[in-house]
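The values are calculated or read from the model by the stated rules, or taken from the named source; none is laboratory data. Since we're looking at a predicted model, the values are computed, not measured. So basically every Cβ, Gly included, is an ideal-geometry build from the backbone, and we count neighbours across all protein chains shown.
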Amino acid sequence: MDSPAIRVSFLTQDSGLGEAIARALGEGFATRAVSEQRFDHLGEVRQQSDVILLDLRSANTHGDDQTILSLMNQLSKLPTHPPLVVLCEEENRQLIFQAIGHGAVDSVTNPPNMIELRLILRRAYKFHAAQKELQQLRASERPTGRLHELLGTSAPMQELFGLARKIAPCDVNVLITGETGTGKELLARAIHQLGNRSGGPLVAFSCANLPETLVEDELFGHEKGAFTGALVSRSGRVEGADRGTLFLDEIGDLGIGLQPKLLRVLQERSFERLGGNKTINVDIRLICATNRNLGEMVQQGKFREDLYYRLNVVQMHLPPLRERRDDIPLLAQQFLQKSALQFKSRARRFSANALQAMEQHNWPGNVRELENVVQRAVVLSDEAVVDIAHLPADIRGSHVLLTQGAAGESSHPSRSYEDEVKRFKRSLVLRTLRECGWRKAECARTLGVARGYLHRLINQLDIQEVEGDRKDRREEYPPLGPVM
């Protein structure tokens with residue numbers, strides 16, 4: 001099913017240019033020109049628009065900057081106002097900066113490059129849709145895109161949320177797998193809150209890189225005199241989680257000597273403190289998490305097979321952020337609002353370029369890295385708009401500039417780093433599409449990316465199918481493996 005056309009209202013006093021742009025934007029856009037005499041009907045414009053394109057050239061011609069900026073202020077104060085893109089003369093840079101400061105999400109110079117304008121309007125629409133979705137999720141008591149502190153509307157996260165809601169009321173052990181920084185502890189907390197033990201304690205402990213004796217003391221406690229310095233008895237985390245949930249992070253780092261003791265807790269619901277002989281009974285639900293492959297560790301003799309099967313009653317996998325790029329705008333905006341409140345910052349949103357750069361980054365540190373990057377950007381930004389300049393160098397470096405005209409062309413005599421990245425991406429995506437017979441779902445699986453992200457890449461890189469592309473070219477284009 002085709003997506004509905006993006007409704008664009010072009011506010012201009014040049015009716016001829018308005019008609020020309022409406023024709024040039026073509027399929028995918030429903031464009032109408034709004035004359036200067038109707039600028040006072042802003043409520044009507046808001047209701048009939050997904051994006052507003054505002055002509056600033058009248059301000060440049062008549063010196064009426066304040067009137068235009070006042071109009072922009074009126075637009076930005078409207079409830080759920082559409083994103084605003086401005087058309088301006090390139091030499092009037094000061095007015096462009098003022099327009100961005102008054103709420104414009106992006107700008108395009110006159111005469112507009114239509115490829116660039118289409119991309120800018122699509123990005124503005126997508127960003128606005130993400131903001132609206134985030135507001136709706138927060139307003140709903142049981143939002144479909146949120147599971148307590150976890151947020152995501154992508155297909156993998158929706159499947160995960162559905163599984164979590166299904167198994168939470170059942171008192172079964174859960175093993176959460178996923179890379180570092182994906183939010184495994186947040187998922188464990190969500191399962192606890194949705195389950196029958198939500199009124200009891202949730203006790204969390206990480207087994208990572210700790211000596212076995214220290215882990216044993218932390219988990220099971222000790223009796224007075226059990227070792228030098230044990231002046232009083234102390235209960236451990238297992239005892240503290242009685243009638244609640246015990247969350248053990250990095251369970252793959254649990255020493256082989258302690259694994260039988262944890263197995264006994266799961267089988268018999270009892271244990272003894274270190275240095276004691278009194279049996280303590282507990283009633284706990286166990287949720288464990290790891291970024292390691294426990295199945296391989298079992299084969300290598302590093303993890304007990306019987307314990308593995310006890311832990312792995314229900315396994316849940318949190319996908320890395322690079323496999324759920326559709327969630328990046330929602331997550332980034334949430335982190336921005338949280339950081340802006342924490343640091344009393346003026347930051348309210350991201351520029352289109354900053355948002356696109358974050359979507360293109362691979363995020364080896366996953367959601368935790370994204371949160372840290374957004375926090376840094378909010379601290380560095382003095383304006384309402386967080387721009388790409390506020391992002392770290394490695395994220396800026398991977399950003400593909402889309403404002404250089406047609407795909408593969410550049411106004412500079414030598415290719416920049418961004419040009420080379422764009423050229424490589426276009427070649428890779430086009431080659432894979434041809435290999436897959438232009439079946440986009442299969443292409444997305446081959447590249448290891450979300451289907452929605454592939455569609456955006458195709459639009460951004462201006463990839464179009466030409467006659468003959470569907471023919472079998474397996475000899476010319478050898479099969480590609482998944483892109484890591």
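From the list E323, E305, the lone residue that is without any contact (Cβ under 8 Å) to a residue 12 or more places away in the chain, more than 15 Å from L248 (Cβ to Cβ) and among the charged types (D, E, K, R) is E305.
Looking only at residues of the stretch 172-186 that are of a type in the set (A, V, I, L, M) and touching a His at 6+ places or on another chain (Cβ under 9 Å), we find that the one that is farthest from L331 (Cα to Cα) is I176.
How many residues are polar (S, T, N, Q) and without any contact (Cβ under 8 Å) to a residue 12 or more places away in the chain if we restrict to the stretch 214-249? Working first, answer last.
Going through the stretch 214-249, the residues polar (S, T, N, Q) turn out to be 228, 233, 235, 245.
If we keep only those that are without any contact (Cβ under 8 Å) to a residue 12 or more places away in the chain too, we end up with 228.
Of the residues in the stretch 214-249, 1 are polar (S, T, N, Q) and without any contact (Cβ under 8 Å) to a residue 12 or more places away in the chain.
For the stretch 168-205, residues that are more than 20 Å from G365 (Cβ to Cβ), surrounded by fewer than 17 Cβ atoms within 10 Å (Cβ to Cβ) and among the β-branched types (V, I, T) total 1. Check G255 against each of (1) touching a strand residue (DSSP E or B) at 6+ places or on another chain (Cβ under 9 Å); (2) in contact (Cβ under 8 Å) with a residue 40 or more places away in the chain and name the one condition it does not meet. G255 satisfies every listed condition except (1). So, in the stretch 90-123, exactly how many residues are farther than 28 Å from E27 by Cα and more than 30 Å from the chain's Cα centre (by Cα)? The qualifying residues number 5.
Among the residues making up the stretch 274-292, those that are surrounded by 13 or more Cβ atoms within 10 Å (Cβ to Cβ) and either in contact with a His (Cβ under 6 Å, 6 or more places away or on another chain) or free of Cβ contacts under 8 Å to residues at least 40 places away in the same chain (or both) are L274, G275. Scanning the stretch 215-253 for residues being of a type in the set (V, I, T) and either outside the structural domain of G295 (by TED's automatic domain parsing) or over 35 Å from the mean Cα position of the chain (by Cα) (or both) gives a total of 2.
Taken together, the residues in the stretch 372-383 that are out of contact with any strand residue (DSSP E or B) (no Cβ under 6 Å at 6 or more places or on another chain) and surrounded by 19 or more Cβ atoms within 10 Å (Cβ to Cβ) amount to 4.
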